[in-house]
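The values are calculated or read from the model by the stated rules, or taken from the named source; none is laboratory data. Model, not experiment: these values are computed from the prediction. When we count neighbours, we look across all protein chains shown, and the Cβ atoms used for this are built from the backbone with ideal geometry, even at glycine. Side chains are part of the model used for accessible areas, which takes the heavy atoms of the whole protein and leaves out ligands, DNA and RNA. Shrake-Rupley method; radii C 1.70, N 1.55, O 1.52, S 1.80 Å.
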There are 2 protein chains.
Amino acid sequence: MRIELINTGSELLLGFTTNTHLNYIAQKLGERGLRLARQTTVGDDRDEMRAVVNEALHRADVLLVTGGLGPTSDDFTRDVVAELCGRPLQRDETVAAFIAERFRRRGLTMPASVEVQALVPQGATVLPNPNGTAPGLFLTHQNCRVFLLPGPPRELRPMFEEHVLPRLPVIPDKTCRILRTTGLPESLVEQRVAPALANLTGLELGYCARPGEVDVRLIGSPTIVADAEQRARTALAGFIYGTGDDRLEAVIVRELTARGHTLAVAESCTGGLLAHRITNISGSSRVFLAGYVTYSNAAKIQMLGVREATLQHHGAVSEPTCREMAEGARLRSGTDYALAITGIAGPTGGTAEKPVGLVFIGLASARTTEVVRHQLSFDRETFKHVATQLALDLLRRHLTSSTT
Amino acid sequence: MRIELINTGSELLLGFTTNTHLNYIAQKLGERGLRLARQTTVGDDRDEMRAVVNEALHRADVLLVTGGLGPTSDDFTRDVVAELCGRPLQRDETVAAFIAERFRRRGLTMPASVEVQALVPQGATVLPNPNGTAPGLFLTHQNCRVFLLPGPPRELRPMFEEHVLPRLPVIPDKTCRILRTTGLPESLVEQRVAPALANLTGLELGYCARPGEVDVRLIGSPTIVADAEQRARTALAGFIYGTGDDRLEAVIVRELTARGHTLAVAESCTGGLLAHRITNISGSSRVFLAGYVTYSNAAKIQMLGVREATLQHHGAVSEPTCREMAEGARLRSGTDYALAITGIAGPTGGTAEKPVGLVFIGLASARTTEVVRHQLSFDRETFKHVATQLALDLLRRHLTSSTT
């Protein structure tokens, strides 16, 4: 079953709009064991669109086309597909009445241009669009099932679930499992995983690296994937923090919530990102009480009780300062745990002794305070992200090891 | 000049990763008057990739291929392109030494698999990658200039600017100007701009709305675009905060730096995002001193001196609490200005009287404290972003109006 997706719209090729249809559609297909073979983006250019659609019609078993069904002069997906499939456009009275009614209800005069949306290629099935004026269209051309869907996500999504998915087969014996890891670069993840899974035939193994984390992707029959997951978990013991679309910050909020424990954070170089990531998680207010963004030395002294002598003798980016930040945040907020980060994000501010990318991460608990030192080499924003990733992972390891 | 982009990676076609390369590359091309004719996404499938690259090689004048240059078994872009262009892969000693050095510096043992990244198609130019192990590659095949770039954005972006753009022509009589606005929805931006620019022939006018801001895009000859910009600036007076890829937080840091003024922030519902955005800007440490992420009521009292009576009578999400947060942050940190945000991010926590999306934004200065109320309707993370946008814009308007 070869499925292709064509997204139309000049705004996509000008880079001003992100193509969220690809993510959405790919995930919905994946849940049914289906995959996209190819995705193409084409602008509002009639010749280019004709070429792209024509090629795909001859390759694909299912062709999904989004966008270009509107009433304006740059909407001609309907036209192009009707022409290529040799199906003249005909006015559909039900659709015309539906569109007229939408305008009437909103108290608007219907522009004549909108009438084009009532045109349907001969023999095509109309897919109703309760959230807009442009209906979707479904037709079969030779061996290819063709779906035309409107561009706005809030129109496309309900139509996709209600009218497209039920017309596609389910592949029951194919599943996809994502294991999310942090703490190892991609090449070392593979060095551990690949040999462990080497003799599993029928398994598709993939990796996806992002700053501070690497996904391991297992695709195959449910039996093989379950076996592969077992082996990968052994090979990557301690480095897997979640599955699917888990986020490290969500894991932290979940683990803290389960234990009834609370957290505060003290941030210098990450400037609030650690608190931001944690508070992105709904329900975080039960476990996250306070964040201290102590960018200046004065703020470290006043907000966290870091000693002036410590700053003078060791500097703001040092093990002792990080330790006092973590302990100060924990004591002042009255939480069970506090994380602290101090480092040099760059691009300026580094010295020979303390280069850009140096960062200390501290974790204070009732029993002890642990501080680790890392040397990173990233641009400013990636540095901030990876530093918060290291902090969250330090807490994750502490929480998960303390239960075993 | 026909330019095509191919993005490789199964994670894109499985819907787990958003294709940000398309946006980035399209915008960078647009600034030089260049446009993409087509974009294709293909997974880590050797046959499919071979077909996609082969077709594009015959159509395009410039072919950009991203991803698949890594060390793992699903990386074979280098292989496929070398094969299609009839250029055997050869080991490049400079690249090999560079990769070995990267591992050495990080104190890691280099897996043998990484050596594949030192292979270069015969006659290809190596494009150095300071942020990763996989170099980019440039070669000419028949009439097509082919660029292979690594997948991670932080590796691709600097390489694209340093090594790809200088190898592309500039279209001299075509320029693109982006005016960045905040404070008006897209339809009202258009209502002001479109009539003002109506009689300018040869101007391509576009809009791009993102949460909390709208870009106005002017494309045409330098003369027309300059004229259009003048008119648009009059029509949108007060709403334009920058041009090109300016960011509102960068404007704030610039304006504060120019005045020698300092800032602190107090955040409840935005949980550190406001501090994070400001500290993303290099040089922000000169003006940004402290952030108070007071998620709990206790933290609002203890860290900012909000009165218990205020919280009891008015609640944490109220005008008086926001005022006390802003004033407390300013007094405790000793800054010229303090911004405060308190609201209900959702999806839970709303009431009939104080629904999800309600937010108060406060600005305290030496002379006065201003608090504004907004009712937003977004998901949790978008809500956080738009609330920080409103706070930054409140300060921007204060700073720019106080100088005129």
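Brief remarks on what is shown
- Note on segment A:359-375: residues that are crowded, with 22+ Cβ neighbours inside 10 Å and either under 21 Å from B:Gly283 (Cβ atoms) or within 14 Å of another protein chain (Cβ to nearest Cβ) (or both) total 1.
- Residues being touching a Gly at 6+ places or on another chain (Cβ under 7 Å) and without any contact (Cβ under 8 Å) to a residue 60 or more places away in the chain - total across segment A:259-277: 3
- All positions within segment A:57-83 that are out of contact with any helix residue (DSSP H, G or I) (no Cβ under 8 Å at 6 or more places or on another chain), touching a residue at least 60 places away in the same chain (Cβ under 8 Å) and small (Gly, Ala, Ser): A:Ala60
- Residues located in segment A:173-196, provided they are more than 25 Å from the chain's Cα centre (by Cα) and away from chain B (no Cβ under 11 Å): A:Asp173, A:Pro195, A:Ala196
- Segment A:26-46, residues that are among the hydrophobic types (A, V, I, L, M, F, W, C) and more than 7 Å from chain B (Cβ to nearest Cβ): A:Leu29, A:Leu34
- Residues in segment A:1-24 that are of a type in the set (Val, Ile, Thr), touching a strand residue (DSSP E or B) at 6+ places or on another chain (Cβ under 9 Å) and facing chain B (nearest Cβ under 7 Å): A:Thr17 alone.
- Yes/no for B:Pro88 being open to solvent by 50 Å² or more (accessible area, probe 1.4 Å), closer than 18 Å to A:Ala209 by Cα and touching a residue at least 24 places away in the same chain (Cβ under 8 Å): no
- B:Val95 vs. criteria under 32 Å from the mean Cα position of the chain (by Cα), under 28 Å from A:Leu218 (Cβ atoms), in the same structural domain as B:Pro150 (by TED's automatic domain parsing) and part of a helix (DSSP H, G or I): no
Conditions (1) in contact (Cβ under 8 Å) with a residue 40 or more places away in the chain; (2) open to solvent by less than 20 Å² (accessible area, probe 1.4 Å); (3) within 13 Å of another protein chain (Cβ to nearest Cβ), marked per residue:
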residue	(1), (2), (3)
A:Leu200	no, no, no
A:Arg233	yes, no, no
A:Leu236	yes, yes, no
A:Thr243	yes, no, yes
A:Val253	no, yes, yes
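- Filter result for A:Gly206 (in contact (Cβ under 8 Å) with a residue 24 or more places away in the chain and not assigned by TED's automatic domain parsing to the domain that holds A:Ser284): no
- Selection count where residues are among the acidic types (Asp, Glu), within 13 Å of chain A (Cβ to nearest Cβ) and within 19 Å of B:Ile3 (Cα to Cα), scope segment B:127-167: 1
- Residue in segment A:344-353 that is open to solvent by 60 Å² or more (accessible area, probe 1.4 Å), within 28 Å of the chain's Cα centre (by Cα), on the phi < 0 side of the Ramachandran plot and within 12 Å of chain B (Cβ to nearest Cβ) present: yes
- Scope segment A:125-162; condition without any contact (Cβ under 8 Å) to a residue 40 or more places away in the chain, open to solvent by less than 60 Å² (accessible area, probe 1.4 Å) and either of a type in the set (S, T, N, Q) or touching a helix residue (DSSP H, G or I) at 6+ places or on another chain (Cβ under 9 Å) (or both); matching residues: A:Thr125, A:Val126, A:Leu127, A:Asn129, A:Asn131, A:Gly132, A:Phe138
- Candidate set from segment B:299-326 (those that are touching a Phe, Trp or Tyr at 6+ places or on another chain (Cβ under 7 Å) and within 11 Å of another protein chain (Cβ to nearest Cβ)); member that is nearest to A:Leu263 (Cα to Cα): B:Met303
For every residue, the table says whether it meets (1) free of Cβ contacts under 8 Å to residues at least 24 places away in the same chain; (2) under 24 Å from B:Glu249 (Cβ atoms); (3) outside the structural domain of A:Leu311 (by TED's automatic domain parsing); (4) of a type in the set (A, V, I, L, M).
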position	(1), (2), (3), (4)
A:Ser333	no, no, no, no
A:Glu353	yes, no, no, no
A:Leu363	no, no, no, yes
A:Ala366	no, no, no, yes
A:Glu370	no, no, no, no
A:Phe383	no, yes, no, no
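- Of the helices (runs of 4 or more DSSP H) entirely within segment A:293-404, those holding at least 2 residues that are closer than 22 Å to B:Gly272 by Cβ occupy A:297-304, A:319-333, A:380-401.
- Restricted to segment B:64-79, and to residues there that are surrounded by fewer than 22 Cβ atoms within 10 Å (Cβ to Cβ) and more than 10 Å from chain A (Cβ to nearest Cβ), the residue that is farthest from B:His141 (Cα to Cα) is B:Phe76.
- Across segment B:261-298, the qualifying residues are those that are surrounded by 24 or more Cβ atoms within 10 Å (Cβ to Cβ) and farther than 19 Å from A:Ser296 by Cβ, and the one among them that is nearest to the other protein chains (Cβ to nearest Cβ) is B:Gly271.
- Filter pass, A:Leu57 being more than 10 Å from chain B (Cβ to nearest Cβ) and in a loop (DSSP other than H, G, I, E, B): no
- Residues that are within 37 Å of the chain's Cα centre (by Cα) and open to solvent by less than 60 Å² (accessible area, probe 1.4 Å) were ranked within segment A:98-118; the one that is farthest from A:Phe147 (Cα to Cα) is A:Phe103.
Residue-wise test of (1) assigned by TED's automatic domain parsing to the domain that holds B:Cys208; (2) modelled with pLDDT of 90 or more; (3) under 18 Å from B:Cys208 (Cβ atoms).
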{"residue": "B:Phe16", "(1), (2), (3)": "no, no, no"}
{"residue": "B:Asn23", "(1), (2), (3)": "no, yes, yes"}
{"residue": "B:Gln39", "(1), (2), (3)": "no, yes, yes"}
{"residue": "B:Gly43", "(1), (2), (3)": "no, yes, no"}
{"residue": "B:Asp47", "(1), (2), (3)": "no, yes, no"}
{"residue": "B:Ala60", "(1), (2), (3)": "no, yes, no"}
{"residue": "B:Leu63", "(1), (2), (3)": "no, yes, no"}
{"residue": "B:Gly67", "(1), (2), (3)": "no, yes, no"}
{"residue": "B:Thr77", "(1), (2), (3)": "no, yes, no"}
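- Selection from segment B:28-56 of residues that are without any contact (Cβ under 8 Å) to a residue 24 or more places away in the chain, out of contact with any strand residue (DSSP E or B) (no Cβ under 8 Å at 6 or more places or on another chain) and not hydrophobic (A, V, I, L, M, F, W, C): B:Asp47, B:Glu55
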